[in-house]
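What follows is a single structure, written as structure tokens, with notes after it.
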Amino acid sequence: MAIQMNIAITALLLLFTSIPIIECTDIDVVANFGAVADGQTDLSQPLMNAWKEACASPEPVNIVIPEGTYLLSEATLNGPCQAPISLQLQGTLMAPEDPTVFKEATWVSISYVDSLTMFGGGVFDGQGATAWGQNDCAKNKNCVKLPINIRFHNVKNSLIQDITTKDSKQFHVNVLGCSNITFQSFTVSAPEESLNTDGIHIGRSDGVYILDSKIETGDDCVSLGDGSNNVKVQGVTCGPGHGISIGSLGKYKNEEPISGVFVTQCTLANTMNGVRIKTWPASQPGSATDIHFEDITMDNVGNPILVDQEYCPWNQCDLSVPSRVQLSKLSFKNIRGTSKTQIAVKLICSSGLPCDEVELADIDLTYNGPEGPAISQCSNVNPVLSGVQNPAACSSQPTGEAAP
């Protein structure tokens, strides 16, 4: 199944990247719509006017934002459009620093667009430093939602290439209800202390590809919520951050299954976690299957391999009731490097629905701390083993809790 899915995803990528470049008419937000690159004049209306004209055109149009620094209060770029549309961002867009000026938890949103191309080497700067100290949503259900830098909602057959998102007040990118969308040579830049700033969060989407990208942030580099299917993360450098995560799953009713996730040829450095799957105990029913982590390099990473079906940050759950999220067809292959926690491999599955069809192959993770060598812990799982197993698979009894 995994081989067939890899072939299918590769075929889709080849098809997508072989699409010929479409000749477009350029419209310039400065020359044609009066935008001013002084860091003070709001770009919002010139950009909206350019988008409306481009979206209504029966021929492909490329919107150009030239080099320079632009204040952008907000942007809502909606389709459907009459033809393919592109946004060539060469400059830097600056969000308002004050998070209270935002009416919604969004800075830039792009919705219901087919065949979007975004490129140009430009930057979305969320100016989030003043907001990170106000972010208590993980503990406070009545918190004020902070704006996400870029939302892609129901966007399909699209390419986001050579773009940077910097210092978002919350998630950098949220991908929801999308299909066949590729992020290539994409950069996320935020310091380790930036709270709840996931790099790219995916939910209820089919065919999302994150390729040859660099993600530095204060939370998960890539996170997958329910309904994420046929996702490929390849050639990504992650760190600082919390790693590459699936979940948390099972907290809400009617969550959709996850299937067909491939994380390959990635490097994680100085992250809180490595590759992980997390589900809540006492959860709603759900499933995640056909998930594969392969050819991963770990450099001073906490919890390099982690399956945690007792995910319970800040004691917000009942650990006595097992998770009802079924995990199956999981593989961890050719994962090597150094761990900054003694527990290098931790597979804690549900006692109610044990993990099924789990494979560990060619694992070589070392730890040089005072507690002794790296160890591997397993619960409610019987993985198939092959190749090198360092530390020895499932050789230690589980104790304590996993990292948040």
Contour minus end-to-end for LYS253 and ASP162, with contour as 0.36 nm per residue of separation and end-to-end as the Cα-Cα distance?
29.0 nm
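Which value, in nm² and rounded to one decimal, describes the direction-averaged projected area of the C-alpha convex hull of the chain? Display every interim value, and only then the final one.
Numbers: hull surface 76.1 nm².
If you wrap the Cα atoms of the chain in a convex hull and average its projections, you get 19.0 nm².
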Aspartates and glutamates within cross-link reach of LYS103: Cα-Cα under 14 Å, excluding same-chain residues under 8 positions apart?
GLU74
Protection-proxy order for peptides 227-238, 80-91, each taking the mean of Cβ atoms within 10 Å per residue, highest first
227-238, 80-91
Would you be so kind as to identify which of GLY68, GLN184, HIS201 lies farthest towards the positive end of the dipole of the chain, taking Lys and Arg as +1 and Asp and Glu as -1 on Cβ and the Cα centre as origin?
HIS201
Packing-based order for 289-298, 366-375, using average beta carbon neighbours within 10 Å, highest first:
289-298, 366-375
Taking protein heavy atoms only, a 1.4 Å probe, and rounding to whole percent, the accessible area of the chain owed to carbon and sulfur comes out at 49 percent
From the Cα centre of the range 96-119 to that of the range 319-398, the distance in Å is 39 Å
Amide H partners (placed H, <5 Å) of GLN127, local residues excluded
ALA95
Beta carbons within 10 angstrom, averaged per residue: use that to sort the peptides 390-398, 353-361, highest first.
353-361, 390-398
With all protein chains modelled, accessible area of THR92 [1.4 Å, Å²]
40 Å²
Can you list residues whose amide H is under 5 Å from ILE343's amide H, if they're 5+ apart or on another chain and H is modeled 1.01 Å from N?
ILE375
In whole Å, what are the Cα extents of the range 20-164 along the three principal axes, biggest one first?
49, 33, 24
Could you check the spin-label model distance between GLU357 and LYS103? Points 7 Å from the Cα along Cα→Cβ, value in nm.
4.9 nm
Based on the alpha-carbon gyration tensor of the range 234-288 and its eigenvalue square roots a ≥ b ≥ c, which shape applies: rounded if a/c is under 1.5, prolate if not and a/b is larger than b/c, or oblate?
oblate
Which of the aspartates and glutamates could be linked to LYS156 by a straight reach, that is with a Cα gap under 15 Å, when you skip same-chain ones fewer than 8 residues away?
ASP114, ASP206
With a/c under 1.5 counting as rounded, go ahead and sort the range 288-348 into rounded, prolate or oblate using the C-alpha gyration tensor (a ≥ b ≥ c being the square roots of the eigenvalues; past the cut-off, prolate if a/b is larger than b/c, else oblate).
oblate
Do the alpha carbons of any pairs in LYS145/LYS346; LYS214/LYS278; LYS166/LYS346; LYS251/LYS346; LYS278/LYS329; LYS169/LYS333 sit beyond 26 Å of each other, and which pairs?
LYS145/LYS346; LYS166/LYS346; LYS169/LYS333
Write down the accessible area per residue of the chain in Å², having rolled a 1.4 Å probe over the full set of protein chains.
41 Å²
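Please label the shape of the range 103-170 as rounded, prolate or oblate, based on the square roots a ≥ b ≥ c of the eigenvalues of the alpha-carbon gyration tensor (a/c under 1.5 means rounded; beyond that, a/b larger than b/c means prolate, else oblate).
The shape class here is oblate.
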Calculated SAXS-style log₁₀ I(q)/I(0) at q = 0.10, 0.20 Å⁻¹ - the range 223-369, Debye, Cα scatterers
-0.31, -1.22
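The values are calculated or read from the model by the stated rules, or taken from the named source; none is laboratory data. These numbers were taken from a predicted model, which means no experiment stands behind them. No Cβ is skipped: glycine too gets one built from the backbone with ideal geometry, and neighbour counts run over all protein chains shown. We work out accessible area using only protein heavy atoms, side chains counted, and drop any ligands, DNA or RNA first. Shrake-Rupley method; radii C 1.70, N 1.55, O 1.52, S 1.80 Å.
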